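Heads up, the thing below is written out as structure tokens.
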Amino acid sequence: MAQIVLKNIDKTFDERQKVIDNLNLTIHDGEFLVLVGPSGCGKSTTLRLIAGLESATAGDIFIGENRVNHIPPKDRDISMVFQNYALYPHMTVHDNIAFGLKLRKYPKEEIEQRVQEAADILEIHSLLKRKPKQLSGGQRQRVALGRAIVRKPKVFLFDEPLSNLDAKLRVQMRAEIKKLHRQLKITMVYVTHDQVEAMTMGDRIAIMKDGIIHQLDTPMEIYQKPADLFVAGFIGSPS
Ligand code: ADP
Ligand code: MG
């Protein structure tokens, strides 16, 4: 079980205005939740709070049964994929994928098995011996996904992972990430500022502005019944 619950979360940096303001959000086990909103609204901060890369000023965060406020990122069973999926340039694809497991001192056979498994899922067997500079943008992004799934996390967090790709590849990778979700059946939280991406990918979508979630619903519900003018304008629905 990896339901994620954010309860009454506030986040301020340097005593300034609240970047996250009394946020309440339950992400169901196994769901693909998209968090969408304009730049600067607090999406990355929310994701970083779930990952443990930031600590909340107030409130509680639960992953599964556990309150994780004081659990360090490495013990949260989470993998995160960013826009700049920095691969190690001097290492092969295989070693890039294996790196996190080596660091955690997994036995050699298990590392091999897991790398092969990740390569199967992402269909990147033929790339394992290459270096990152010998890969296209889309291939690199797939390797970054491989590096994340090889750890078998309970939760997968994405922070605008496709922003650096061209439009055609972006559409293709959206479908790949959704396929990955169907295969792995784990909880995924996907941050984007792109309405179309949100509407096509989310099981549910949380629409955020200025640190507040204005609506949390299925794409259809949001499209047909936007909660307020901001949501209607942002999604571009007819009402
Ligand atoms: P988004 O990902 O939606 O673009 P962020 O979560 O990155 O938004 O940022 C939300 C707000 O918090 C912005 O105003 C940003 O400037 C501010 N912010 C984010 N990180 C920090 C930080 N480490 N120190 C100070 N302010 C920050
Ligand atoms: Mg961001």
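Data overview
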| item | result |
| --- | --- |
| Spread of Cα-to-Cα distances over 5 Å intervals beginning at zero, given as percent, for the stretch 124-186 | 4, 15, 28, 25, 20, 8, 0 |
| Cα-derived Rg over Rh, computed across the chain with Rh taken as Kirkwood radius | 0.98 |
| Shape metrics for the stretch 127-239, restricted to C-alpha atoms - Rg then Dmax, Å | 16.0, 53 |
| Cα-only Debye scattering, the stretch 181-238: base-10 log of I(q)/I(0) at q = 0.16, 0.24, 0.28 Å⁻¹ | -0.48, -0.98, -1.27 |
| Protection proxy ranking of 69-75, 2-8 - average other beta-carbon atoms within 10 Å, highest first | 2-8, 69-75 |
| Separation between Cα centres of the stretch 158-177 and the stretch 27-82, rounded to whole Å | 21 Å |
| Choice from 15, 221, 117 showing the highest fluctuation, given a GNM over the chain with Cα pairs closer than 10 Å | 15 |
| At 1.567 mPa s and 4 °C, Stokes D of the stretch 76-195 from Kirkwood alpha-carbon radius, µm² per second | 89 µm²/s |
| Debye, to nearest 20: dipole size of the stretch 125-239, +1 on Lys, Arg Cβ, -1 on Asp, Glu Cβ | 1140 debye |
| Cα Rg, Dmax, the stretch 41-114, angstrom units | 15.4, 44 |
| Debye, to nearest 20: dipole size of the stretch 1-154, +1 on Lys, Arg Cβ, -1 on Asp, Glu Cβ | 640 debye |
| Of 87, 55, 121, farthest towards positive along the dipole that unit charges on Lys, Arg, Asp, Glu beta carbons give the stretch 2-154 | 87 |
| Crossing angle, helix 108-122 versus the chain [Cα axis fit, 0-90 degrees, rounded to tens] | 60 degrees |
| Mean separation of Cα contacts under 8 Å (6+ apart) over length of the chain, as relative contact order % | 28 percent |
| Contact order relative to length of the stretch 44-137, as percent, for alpha carbon pairs under 8 angstrom and 6 or more apart | 24 percent |
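Bear in mind these aren't lab numbers, they're just calculated from the coordinates by the rules spelled out. For clarity, every value in this text was computed on a predicted model and none was experimentally measured. Cβ coordinates were reconstructed from backbone atoms using ideal geometry, including for glycine residues, and neighbour counts include every protein chain displayed.
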